[in-house]
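Bear in mind these aren't lab numbers, they're just calculated from the coordinates by the rules spelled out. If you're wondering where the values come from, they're calculated on a predicted model, not measured in any experiment. Virtual Cβ from ideal backbone geometry, glycine too; neighbours counted across all protein chains shown.
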Amino acid sequence: MAESNQGKTPERKRAPKTQKEAGEKQQTQQQGRKKRAGRETKSFKYVKLEKERPSLTRDNEKKPEKSQQKQSRRRGSSSSKKKQGAQLKVIPLGGLDAIGKNMTVFECGNDMVLDDAGIMFPDDDHPGIDLILPDYTYVLEHADKLRGIVITHGHEDHTGSLPYLYKDLDRKVPIYGSKMTLGLIEGKFKEHRIKGAQLIEVKPGD
């Protein structure tokens with residue numbers, strides 16, 4: 001038997017939405033999404049930078065006043081002017097233009113120290129020459145200032161001209177070097193019949 005439709009309300013059919021209503025609904029949905037996105041993330045276009053750098057001085061330490069800074073600068077400049085008379089001169093007499101004849105003068109005021117006294121062996125451009133010595137005329141002219149000769153090691157390009165220089169000097173100058181270096185110099189001086197040389201050993205830490 002067919003069921004009766006009595007007592008039931010008939011279902012209403014929804015009218016189709018127009019294009020205008022659909023567009024308005026889409027706009028409202030997009031606006032809602034933008035609002036939600038704005039709440040979640042925030043963007044900043046500018047960053048505020050501090051103009052002054054943080055101070056590294058302690059709270060107890062006070063910065064010196066400008067007047068004190070000026071006075072300290074003046075004192076420093078005056079002291080530097082006074083010390084200008086004692087300048088350190090480094091004079092290379094050999095070892096720069098070629099390999100060999102190493103010799104360097106360190107001069108300060110009335111004191112002078114010689115570093116190394118080597119030779120250079122001749123090549124094909126020096127026929128008939130056995131040894132090439134550095135020009136140590138400056139050392140002989142200022143021999144009264146010479147306080148000592150320091151030899152770094154015993155190679156010929158650092159010790160070869162030492163016997164010739166020692167003979168040309170008018171007094172015995174102390175020679176400083178390691179134990180092995182002084183042993184090589186002592187044998188060299190025996191060949192040149194140099195006696196009474198002041199050989200002073202320098203140990204690590206001296």
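Just how large is the dipole of segment 88-201 about the Cα centre, in debye to the nearest 20, putting +1 at every Lys and Arg Cβ and -1 at every Asp and Glu Cβ?
Value, rounded to 20: 680 debye.
Determine the alpha carbon to alpha carbon distance for each of Lys167/Lys203; Lys167/Lys190; Lys101/Lys167; Lys145/Lys190; Lys89/Lys167 and list only those over 21 Å.
Details: Lys167/Lys203 27 Å; Lys167/Lys190 13 Å; Lys101/Lys167 17 Å; Lys145/Lys190 27 Å; Lys89/Lys167 25 Å.
Result: Lys167/Lys203; Lys145/Lys190; Lys89/Lys167 exceed 21 Å.
Quick check on segment 88-201: of the DSSP beta bridges with both residues there, what percent are antiparallel, nearest 5%?
55 percent
Among Leu88, Thr159, Tyr176, which residue has its Cα furthest toward the positive end of the charge dipole of segment 88-201, with +1 on Lys/Arg Cβ and -1 on Asp/Glu Cβ?
Of the listed residues, the answer is Tyr176.
Taking the Cα atoms of segment 88-201, what is the range of coordinates along each of the three principal axes, in descending order and whole Å?
41, 31, 24
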